[in-house]
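Read the figures in this text as sums done on the coordinates, not as results from a lab. This is a predicted model, so every value here is computed, not measured. Every residue, glycine among them, receives a Cβ derived from its backbone with ideal geometry; neighbour counts consider all protein chains shown.
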Ligand SMILES: *Cc1c(COP(=O)(O)O)cnc(C)c1O
């Protein structure tokens, strides 16, 4: 460690050991990163991306070649027949909502097989809230298969649930803010095989935080459609906003009519000068995801050295970029987030405080210091102040600065006399 930051020798020594312990995981991340980077480069070359594709379109955006080529490049990157990647999809929740409304019809049943979905999807489905025009308001029935006590998927129960007619099976790949294990593409393939045996339901995957973490994406393992956010993995830290939907061509077309409106679909939508950033972000995504993964592994490894429980463990195979650390009590969670904030490139001078976040029963503290508002491919953390006193962290555009953020978090815990 250089002398720019005042790291105590105890924390510095633990960090050194943590790095050594992480070397096998780092090597695995490098291998996958190199594979995915070649895959993405090959997709750019296959689609003959040229500078003229960056040209801005305005108004209706008819005939925007860059927009159409970008769709094709993303489809090739994720092994899909077709895709839609747009700055006008405002966030992950919006994108997932467009896909759900695009594919489901009144009278249909949506079956979520990975327990309770991510919080913000509840209002889209109609589990929460009313009068907002949720799927429920439009006559779509929601059913759910809960996870087993160990947090894994209940395959038997899924098989049973498919005895009734289901139009869509919905899978959430990443753990979100729970401690269940995230699903890898092989887990998704197991579910897809069971579904295909019994039903012609559309298999949709919320792919948030999972892109480019493995060599392949869920569409190569039986999923019909995937969706995610561009201020997470596939935006490569460069996309200023946006989302994507990819998968079977007929399903992507249906989604396009919800993304704009029936009849117009993907023919409209001006790029407003965003295309270059989306191309460049996608190009960089495998590399940036590798940096985020190394930061997550380092965080796990350091806190293991300091005696804390982590999930996933630093030596475990990764399927998303999320790292949870169990920090024992509220004081330690607060110290972690406030310490991490001190190492942010943006807003290092602010001190995050716990607050009563809408939708939560407990106070939540967060740290974020990002070039793009709310971006969670950049180093960030969230901790609800309740059992199991875990902080969920993700991101960093580069490992070297991510490492400093993690060390300053540990340093703050040390300084306040809270280390185990
Ligand atoms: C982030 C996320 C979403 C929603 O994305 P927003 O961009 O925050 O709207 C949905 N599902 C999962 C698993 C996520 O991680």
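Contact map, the stretch 300-328: residues that are within 12 Å of residue 18 (Cβ to Cβ) and free of Cβ contacts under 8 Å to residues at least 24 places away in the same chain paired with residues that are away from the ligand (no atom under 16 Å from the Cβ) and not in a loop (DSSP other than H, G, I, E, B), Cβ distance under 8 Å, separation 6+ or inter-chain. Pairs shown: 310/299; 310/300; 310/303; 310/304; 310/325; 310/326. The single condition among (1) buried (at least 20 other Cβ atoms within 10 Å of the Cβ); (2) under 24 Å from the mean Cα position of the chain (by Cα) that residue 140 does not satisfy is (2). The one condition from (1) assigned to a loop (DSSP other than H, G, I, E, B); (2) in contact with a strand residue (DSSP E or B) (Cβ under 6 Å, 6 or more places away or on another chain); (3) within 27 Å of residue 6 (Cβ to Cβ) that residue 365 does not meet is (1). Looking at the structure I just gave you, is residue 247 in contact with a strand residue (DSSP E or B) (Cβ under 6 Å, 6 or more places away or on another chain), buried (at least 22 other Cβ atoms within 10 Å of the Cβ) and on the phi < 0 side of the Ramachandran plot? It is false that residue 247 is in contact with a strand residue (DSSP E or B) (Cβ under 6 Å, 6 or more places away or on another chain), buried (at least 22 other Cβ atoms within 10 Å of the Cβ) and on the phi < 0 side of the Ramachandran plot.
Any residue in the stretch 51-65 that is assigned to a helix (DSSP H, G or I), without any contact (Cβ under 8 Å) to a residue 12 or more places away in the chain and exposed (fewer than 13 other Cβ atoms within 10 Å of the Cβ)?
Of all residues in the stretch 51-65, those assigned to a helix (DSSP H, G or I) come to 51-54, 65.
Still in the running and without any contact (Cβ under 8 Å) to a residue 12 or more places away in the chain: 51.
From what is left, the residues that are exposed (fewer than 13 other Cβ atoms within 10 Å of the Cβ) are 51.
Yes.
So in the stretch 364-384, with the set limited to residues that are surrounded by fewer than 22 Cβ atoms within 10 Å (Cβ to Cβ) and closer than 12 Å to residue 336 by Cα, which one is farthest from the ligand (Cβ to nearest atom)? Applying the filter and picking the extreme gives 366. When every residue of the stretch 294-308 is checked against the conditions, none turns out to be within 23 Å of the chain's Cα centre (by Cα) and surrounded by fewer than 19 Cβ atoms within 10 Å (Cβ to Cβ).
Considering only residues in the stretch 71-103 that are surrounded by 24 or more Cβ atoms within 10 Å (Cβ to Cβ) and in a loop (DSSP other than H, G, I, E, B), the one that is nearest to the ligand (Cβ to nearest atom) turns out to be 89. When the stretch 111-137 is limited to residues that are within 15 Å of the ligand (Cβ to nearest atom), outside any loop (DSSP other than H, G, I, E, B) and touching a residue at least 12 places away in the same chain (Cβ under 8 Å), the one that is surrounded by the fewest Cβ atoms within 10 Å (Cβ to Cβ) turns out to be 119. Exactly one residue out of 41, 89 is within 20 Å of the chain's Cα centre (by Cα) and either free of Cβ contacts under 8 Å to residues at least 12 places away in the same chain or under 19 Å from residue 233 (Cβ atoms) (or both): that is 89. Residue 393 falls short on exactly one of the conditions (1) crowded, with 22+ Cβ neighbours inside 10 Å; (2) under 13 Å from the mean Cα position of the chain (by Cα); (3) assigned to a loop (DSSP other than H, G, I, E, B), and that condition is (3).
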